[in-house]
Every structure is written in C-alpha cells, then in structure tokens.
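Below you'll find the structure, written out as structure tokens, and then a few comments.
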There are 2 protein chains.
Amino acid sequence: MAVLGATGLVGRTALAILEERRFPIGELRLLASDRSASRTLTFSGRSHAVTPVVAESFAGIDLALFTCANDVSAVWAPIAVEQGTRVVDNSSAFRYHDDVPLVVPEVNGERLDARPRLVANPNCSTIAIVMALAPLERAAGLERVQVTTYQSVSGGGSEALEQLEQGVREGLDGDPPPRAGGLPAFAFNVVPQIDRFEDNGYTREEMKIVWETRKILDRPDLAVTATAVRVPVRVGHGAAVHVTLRRPMSPAEARERWTGFPGIEVVDEPARGRFPTPLAGAGRDTVFIGRARGDLDDARGLLFFVVSDNLRKGAATNAVQIAERLAGLAAPLARAGGER
Amino acid sequence: MAVLGATGLVGRTALAILEERRFPIGELRLLASDRSASRTLTFSGRSHAVTPVVAESFAGIDLALFTCANDVSAVWAPIAVEQGTRVVDNSSAFRYHDDVPLVVPEVNGERLDARPRLVANPNCSTIAIVMALAPLERAAGLERVQVTTYQSVSGGGSEALEQLEQGVREGLDGDPPPRAGGLPAFAFNVVPQIDRFEDNGYTREEMKIVWETRKILDRPDLAVTATAVRVPVRVGHGAAVHVTLRRPMSPAEARERWTGFPGIEVVDEPARGRFPTPLAGAGRDTVFIGRARGDLDDARGLLFFVVSDNLRKGAATNAVQIAERLAGLAAPLARAGGER
C-alpha cells in the first residue's frame with residue numbers, strides 16, 4: 001500500500017482509518033510531493049518516513065491511495081497505473097473522465113467489480129448528498145435536486161484550518177480585522193465561495209456537486225443546482241437538500257428508505273430536539289439525515305438536512321472502502337471508526 | 001418616544017439608530033418588562049433610567065418601539081394603542097393579524113400612509129429576503145421562492161450570543177464539549193433549528209419566512225419553502241435564495257433591478273472575488289446581494305446570496321424607518337448608519 005499525500009488532513013485520516021479497519025497491509029509507503037516530504041508519521045505503532053514520490057515508489061505496490069492535489073494526481077496516477085498499481089484518487093483530476101469510475105461503494109459499488117486500475121473518490125459534500133439521494137432515486141426517481149451547503153474549514157486543508165484557528169483567537173473580543181488582500185475571513189463569518197469561479201457564475205465546488213451527483217447516480221439528465229458555502233466549523237459538512245421526486249413521498253417513507261440503506265443514520269425527532277449537527281457527526285463514518293419534511297406547495301417535494309464528517313466518509317473512509325472492495329475484502333475486517 | 005425592551009440587543013441598536021438618524025425625540029422613555037429594568041442607558045450623551053413598563057408609561061407618548069418578547073408585546077401593545085400611542089412592534093405577536101400591516105418601507109411602505117395604530121416589523125431574515133425579492137416580483141413575477149439561511153447568533157438575543165462567546169473560548173484547543181441537556185452548541189457548529197418546531201416538521205422561524213414573505217409581497221398564493229439554520233457568526237444573516245420567475249431573467253437584468261432599488265447594494269464580481277459576507281455587512285443598513293446566477297436547467301430560475309445586519313435592517317433600522325414614515329418624516333434627517 002502506498003499513500004501519496006500522506007501528510008495532509010485527508011492523508012492522515014486515511015492512515016487512521018486503515019489502522020482502525022485493520023486493512024491488510026504488507027509494505028506501507030508514505031509518499032509526498034517534494035514540499036512536505038522529510039516528515040515521519042506513525043502507523044500501527046511504527047514510525048514511517050515520508051519520502052518524495054518517484055516512479056520507483058510504486059514498484060511492487062498493488063494499491064495506492066492518492067490524497068494529494070489535482071496537479072500531483074494528474075502527473076503520478078498514470079505513472080502508478082502503468083506499473084500495475086491500482087489507484088484510488090481523492091483529487092478531482094480524473095473524476096469527469098468517462099472511463100474512470102466515480103464511486104460511493106454503497107451507491108454504485110458494482111462499478112468496482114471489474115477491478116478498474118484507477119478509481120476516483122468523489123467530492124466531500126457530494127458523497128454524503130448522493131448517499132441521501134440514492135434510496136430516494138431507487139424508490140421514486142429524482143426529478144430535481146437543489147443543494148445548499150454548510151462546509152467546514154477542514155475541507156480547505158490544513159492551511160485553511162490554521163487560518164480559522166488564528167482568526168478565532170484574533171476575534172475573541174470582537175470581530176477579527178479584514179484579512180490582507182481583502183480575502184474574507186473564515187472565523188465568525190460565512191463565505192459563499194469554495195474553489196474558483198467558473199464562467200457561468202457557479203464556483204467549481206458547486207459544479208462538482210452537479211457533475212458528480214449526475215455521474216454517480218448515472219442520471220446525466222438530472223436537474224441539479226448547488227450553492228456551496230464555507231462556515232466556521234472545523235470538521236463536518238452540512239447540506240440542506242430539496243428534491244423533487246417523480247411521485248409523492250412522505251417524510252415517514254423517506255426516513256424508512258434511509259434507515260434501510262447502509263451507512264445512513266436517521267436523526268430526526270423534532271419533538272425531542274434531535275437533528276444532525278456537524279459537531280455531533282464529526283469523527284463518525286455515518287451519514288446523518290434529519291429535518292425531513294414535505295414541500296409546502298408540492299406533494300412531490302421533500303426537504304432534509306444531511307451531515308457527515310468530510311475528512312472520513314467525505315474523503316478517507318470512502319476511499320478506504322473502495323480500496324477494500326478492490327482488494328477483494330467483501331466485508332471490512334473491523335469498523336472501529338464506524339462504531340464510535 | 002418610548003422604547004419597550006430597551007436593554008435587549010435590538011433595543012440598544014434601535015437607540016443607536018434613532019441617534020444616528022437624528023430622529024426628533026421630545027421625551028424619551030426607556031421601558032423594560034420587570035426582569036431587566038433598573039438599568040440606565042445613555043442616549044445623545046444623557047443618562048436615562050430604564051423603568052418597568054406600566055400603563056402610565058405611554059401617557060402622552062405618540063410613538064413607541066417595542067423590541068421585547070412576544071408575550072410582553074401581546075400584553076402591552078393594546079394598552080399603549082388604547083392610550084393613543086402608535087406602536088411599531090418587532091415581536092411576532094401581531095404579524096399574522098389581518099388588520100396589522102407588516103411593513104418593509106421600501107417594499108410596501110404605502111401601508112403606512114393610513115397611519116395605522118399598530119405596525120408589525122418583520123422577521124430579521126425575511127426583511128432582507130423580501131428586499132431582494134421585491135424588484136424581481138415587480139419586474140417578472142415570482143412563481144416559487146426557496147430560502148436556506150445562515151443566521152447569526154445575535155438573532156437569538158444576548159443570552160445566545162454569550163453562549164457563543166463562551167463556547168468559542170472553551171473550544172479554542174479543540175471542539176467544545178456537548179452542552180448540558182444535549183443542547184447543540186453554537187460555537188464551531190451549525191444548528192438547523194431556530195425557534196420551536198411546528199407540527200408540519202418546519203420550525204417556527206421557517207414558517208415566519210413563508211408567512212411573512214407572502215404577506216409583505218401581498219402574494220398569499222406564492223410557493224415558498226425555507227430552511228433556517230444558525231451559524232457561529234456574531235452579527236449578520238445570510239440567505240441562499242433560489243427563485244422561479246414567471247419569465248426568464250438573466251443575472252445581469254436581476255443585478256440591474258436590484259441596483260435600482262433603494263437600500264440594496266449589489267456586490268457581485270466573481271472575477272475579483274467580490275460577494276457579500278456577514279462580516280463585511282455587519283454594522284451597515286444596506287441589504288447586500290451577490291452570487292447571482294441562472295438555474296442550470298430552468299431559464300426562469302435564478303439563484304443568489306443575500307446578506308444583511310440582522311440587528312439593523314433586519315430589526316431596528318426597519319422599525320425606525322417605519323417610525324419615521326409614521327411621524328411624517330418623508331426623508332430621514334440623517335442616515336449616518338446607512339453611509340458607513
């Protein structure tokens with residue numbers, strides 16, 4: 001097993017999850033693009049040096065998790081694949097290639113049965129949203145999906161998280177001063193931009209949700225819109241979702257469909273004040289759904305709120321699940337992370 | 001002039017705005033329900049005692065701003081009105097009464113021309129949303145409105161704000177512990193519940209947005225849905241809005257319509273990374289709109305993001321604007337708050 005991008009937030013989470021789930025690992029190679037190599041990380045009680053990635057890094061390696069930036073994946077995934085390494089890539093470099101499966105195992109895991117050489121791991125918000133959509137799509141068919149996100153700062157990586165921590169400290173006695181260059185602060189703020197802007201006025205993060213939802217559900221025709229917003233939360237993405245189905249579905253039926261779907265936990269008891277929040281969902285592998293209610297003016301409309309840990313199910317856990325299935329581990333050996 | 005609820009967040013903001021706008025005030029009576037009386041507040045450089053409200057409090061008073069809780073308004077508004085005092089009530093106690101106008105002066109200010117005895121000031125999120133909707137309704141007609149909010153903690157009052165400040169301090173070195181009774185924390189969290197739950201699964205805050213949008217726009221038939229969510233921001237509410245219009249409208253036309261509407265500032269230059277955020281909008285009286293873009297699958301669909309200061313335009317400024325018009329001040333004497 002190789003992990004490229006091992007020192008990043010998702011890389012370190014992936015290592016923790018491989019350990020928790022007792023993924024059978026012979027040799028472990030921790031790799032980084034030049035900048036962050038030369039560190040050491042602990043795995044299963046042993047210290048491992050992080051080495052700069054080179055072509056030989058993949059020799060004799062069956063499986064690699066890529067938790068690096070797009071440009072690093074774009075260069076190294078073809079090199080690894082050429083040497084016979086199967087790559088699960090968390091970047092978006094290959095997600096929209098027709099011949100690269102984009103997989104959430106509970107939703108379209110059968111795409112892994114052909115043991116593809118390269119598998120793309122979806123966007124962190126999209127994974128949880130698609131988990132919530134899949135049982136509705138199967139039961140009633142989706143006509144329209146409208147997503148508005150509440151995304152935690154860890155989704156932006158370690159540097160973004162450091163900016164949040166610093167901003168919170170600077171802002172303890174009143175709102176923090178504007179940041180250099182007029183960049184919006186994360187602390188005590190809401191930032192309706194994630195990733196760069198596309199020509200159509202949507203951000204790339206919003207378009208990822210649109211493109212990836214269509215691809216994973218195999219519904220290229222599906223009407224999807226998204227607004228992606230950063231909120232001052234450390235870990236855990238939320239999303240308010242409004243769907244229009246092909247037939248009316250009660251909130252009670254939706255809850256039943258979700259409950260019967262692997263990896264989903266329904267937390268939806270308004271009378272007891274129970275609904276999902278990122279603080280409660282962080283550190284878990286489950287996708288939490290609550291606040292289910294009908295559209296007030298359309299019997300085929302349904303609204304709900306989804307929460308999941310963006311570093312775990314939104315990234316590392318989903319990648320490890322893909323790796324498990326590629327490695328022929330039908331059921332994982334342990335699910336410590338999922339039971340917490 | 002009397003202010004009932006003068007010691008609360010909105011009450012103190014109202015006093016600041018009356019001062020900024022040089023509202024002509026003869027005698028000023030600062031009133032409170034029993035609990036918070038016995039304090040003093042400064043207005044125009046003079047100290048004023050806050051006294052417990054009694055029936056005589058309104059004798060000889062032309063105009064009163066009520067910035068108190070619903071139950072306090074429900075008791076005292078009729079008593080004040082009976083004595084000839086005009087009341088602008090920020091609570092929701094009278095908002096849904098057919099004979100009480102619910103007013104955003106820029107949108108339906110003509111409802112004040114008959115000089116009603118009691119005027120309701122709308123919900124803090126609704127005011128900004130309706131400001132953004134009104135020019136679209138006039139230009140093209142609205143068919144459907146879908147709102148998802150990012151509401152600051154000051155909307156929950158001083159106690160909620162103190163809980164946020166304490167939670168932020170406790171959570172400096174890692175997420176704060178769960179609160180007593182399992183109540184969700186505001187700090188480093190997102191809480192998809194504001195106000196109590198109704199039987200239909202919506203919160204009362206969400207239903208306020210639905211009912212008040214319909215009433216202010218005089219469109220009882222309008223399809224509206226809302227998801228109201230608390231975020232760890234001190235002041236400034238955001239809302240992601242998705243509308244379906246009766247005819248296609250480009251984002252460029254929408255920006256033009258908003259720019260031509262009083263009290264709105266368009267901040268929408270993706271190429272320069274310019275869009276509204278609550279941190280930038282706090283302390284201002286303007287409603288800020290950005291992120292305008294078309295629905296990807298419906299030419300009549302338009303998405304945008306609205307921000308405004310929930311204590312100012314979302315509450316106190318709007319109430320003072322109503323008071324100005326009731327007092328026959330066609331144009332306010334000064335708009336210091338609006339120029340900052």
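The values are calculated or read from the model by the stated rules, or taken from the named source; none is laboratory data. On a predicted model such as this, the values are computed, not experimentally measured, just so you know. Every residue, glycine among them, receives a Cβ derived from its backbone with ideal geometry; neighbour counts consider all protein chains shown. When the accessible area is computed, the model is the full protein with side chains, heavy atoms only, and any ligands, DNA or RNA have been set aside. Shrake-Rupley method; radii C 1.70, N 1.55, O 1.52, S 1.80 Å.
Per residue of peptide B:47-56, the mean number of Cβ atoms on other chains within 10 Å of the residue Cβ is 0. Between residue B:329 and residue B:299, the distance separating the two model label sites (each 7 Å from Cα on the Cα→Cβ line) works out to 4.8 nm. Here's the picture: charge each Lys and Arg Cβ at +1 and each Asp and Glu Cβ at -1 in the protein assembly as shown, and of A:305, A:288, A:156 the one pushed furthest to the positive end of that dipole is A:156.
Using the Cα gyration tensor of the protein assembly as shown, with a ≥ b ≥ c the square roots of its eigenvalues, what is the shape: rounded (a/c below 1.5), prolate (a/b larger than b/c) or oblate (neither)? Judged from the Cα gyration tensor, the protein assembly as shown comes out prolate (a/c at least 1.5, a/b above b/c).
Using 1/(1 + (r/R0)^6) with R0 = 45 angstrom and r between the beta carbons of residue B:22 and residue A:183, what's the FRET efficiency to the nearest 0.05?
Numbers: r = 37 Å, r/R0 = 0.82.
It comes to 0.75.
The mean number of partner chain beta-carbon atoms within 10 angstrom of a residue's beta-carbon across peptide B:233-241 is 4. Inter-copy label distances for residue A:96: 4.5 nm (label point placed 7 Å from Cα along Cα→Cβ; shortest first). Across identical copies of the chain, residue A:271 has label-point separations of 5.7 nm, listed in ascending order, with the point defined 7 angstrom from Cα along Cα→Cβ.
Checking an interface number: how much accessible area is buried between A and B, summed over both chains, with a 1.4 Å probe, in Å² rounded to 100? Result for this pair: about 5100 Å² buried.
To the nearest whole number, what is the average tally of beta carbon atoms from other chains within 10 Å of the beta carbons of peptide A:294-303?
Working: counts 4, 4, 9, 7, 3, 0, 0, 4, 0, 8.
Average neighbour count from other chains, rounded to a whole number: 4.
Close amide H partners of residue A:230, meaning residues 5 or more places away or on another chain with modelled amide H under 5 Å apart, are A:151, A:191, A:193. A dipole drawn for segment B:2-112 from +1 and -1 charges on Cβ atoms has a positive end, and of B:51, B:85, B:65 the residue lying farthest that way is B:51.
Rounded to the nearest 20, the Cβ-based charge dipole of chain B about its Cα centre (Lys and Arg +1, Asp and Glu -1) stands at 580 debye. Normalised per residue, the accessible area of segment A:59-153 is 32 Å², obtained with a 1.4 Å probe and no contribution from ligands, DNA or RNA.
Remark: segment B:104-198 carries a charge dipole of roughly 360 debye about the Cα centre, counting +1 on each Lys and Arg Cβ and -1 on each Asp and Glu Cβ. Rolling a 1.4 angstrom probe over the protein heavy atoms with all chains in place gives segment A:212-261 an accessible area of 32 Å² per residue. Annotation: amide H of residue B:63 within the under-5 Å range of B:2, B:86, sequence separation 5 or more or interchain, hydrogens built in the peptide plane. For chain A, modelled as a GNM whose springs connect Cα atoms under 10 angstrom apart, the maximal fluctuation among A:56, A:206, A:143 occurs at A:56. Rolling a 1.4 Å probe over the protein heavy atoms of the protein assembly as shown, with every protein chain left in place, gives an accessible area that is 49 percent carbon and sulfur. Screening chain A for whole DSSP H helices of 20 Å or more along their axis (Cα) with average Kyte-Doolittle hydropathy at least 0.5 returns A:124-140. Overall, segment A:36-96 carries a charge dipole of about 220 debye about its Cα centre when +1 sits on the Cβ of Lys and Arg and -1 on the Cβ of Asp and Glu, all other atoms neutral.
Result for chain A in a Gaussian network model with C-alpha springs under 10 Å: among A:290, A:236, A:328, the largest mean-square fluctuation is at A:328.
Taking all protein chains as they are arranged and a probe of 1.4 Å, the heavy atoms of residue B:62 leave approximately 120 Å² accessible to solvent.
Per-residue Karplus couplings for segment A:104-121, computed as 6.51 cos²θ - 1.76 cosθ + 1.60 with θ equal to phi - 60°, are listed in order as 10, x, 5, 9, 9, x, 4, 5, 8, 5, 7, 6, x, 6, 9, 10, 9, 8 Hz, Gly and Pro entered as x.
So how many Lys-Lys pairs in the protein assembly as shown land under 26 Å Cα to Cα, not counting same-chain pairs under 8 apart? Write out the running numbers ahead of the final one.
Details: A:208/A:313; A:215/A:313; B:208/B:313; B:215/B:313.
Step by step, the pairs that qualify in the protein assembly as shown add up to 4.
Chain A comes nearest to the axis taking it onto chain B at the Cβ of one residue; that residue and its distance, in whole Å, are A:148, 2. If you run the Gaussian network model on chain A, springs between alpha carbon atoms under 10 Å, then out of A:123, A:200, A:108 the most flexible one is A:200.
With a Förster radius of 41 Å, plug the Cβ-Cβ distance of residue A:218 and residue B:69 into 1/(1 + (r/R0)^6) and report the FRET value to the nearest 0.05. Between residue A:218 and residue B:69 the formula returns 0.20. In segment A:278-305, whose amide N lies under 20 Å from the spot 7 Å out along Cα-to-Cβ of residue A:39? List them in ranges. Of the residues in segment A:278-305, A:283 have backbone N under 20 Å from the label point off residue A:39. Note on residue B:253/residue B:96: beta-carbon distance plugged into 1/(1 + (r/R0)^6) with R0 of 41 Å gives a FRET efficiency of 0.75.
A dipole drawn for the protein assembly as shown from +1 and -1 charges on Cβ atoms has a positive end, and of A:236, A:166, A:189 the residue lying farthest that way is A:166.
Taking only the alpha carbons of segment B:207-309, we obtain Rg and Dmax values of 14.1, 40 Å in that order.
For chain B, the relative contact order comes to 20 percent (Cα pairs under 8 Å, sequence separation of at least 6). Oblate is the label for segment A:134-284, because a/c, from the alpha-carbon gyration tensor with a ≥ b ≥ c as root eigenvalues, is 1.5 or above and a/b does not exceed b/c.
Per residue of the protein assembly as shown, what 222 nm ellipticity follows from adding -39500 (n - 2.57) for every DSSP H run with n ≥ 4, rounded to the nearest 500? Present the calculation step by step, with values, prior to reporting the outcome.
Working: 20 runs with 198 residues, N = 680.
That comes out to -8500 deg cm²/dmol.
Can you classify segment A:5-82 as rounded, prolate or oblate using the Cα gyration tensor, where a ≥ b ≥ c are the square roots of its eigenvalues, rounded means a/c under 1.5, and otherwise it's prolate if a/b beats b/c and oblate if not? Here segment A:5-82 falls in the prolate category. Burial of accessible area (probe 1.4 Å, heavy atoms of protein chains only) in segment B:140-158, relative to its chain alone, reaches at least 10 Å² for B:144, B:146, B:148, B:150.
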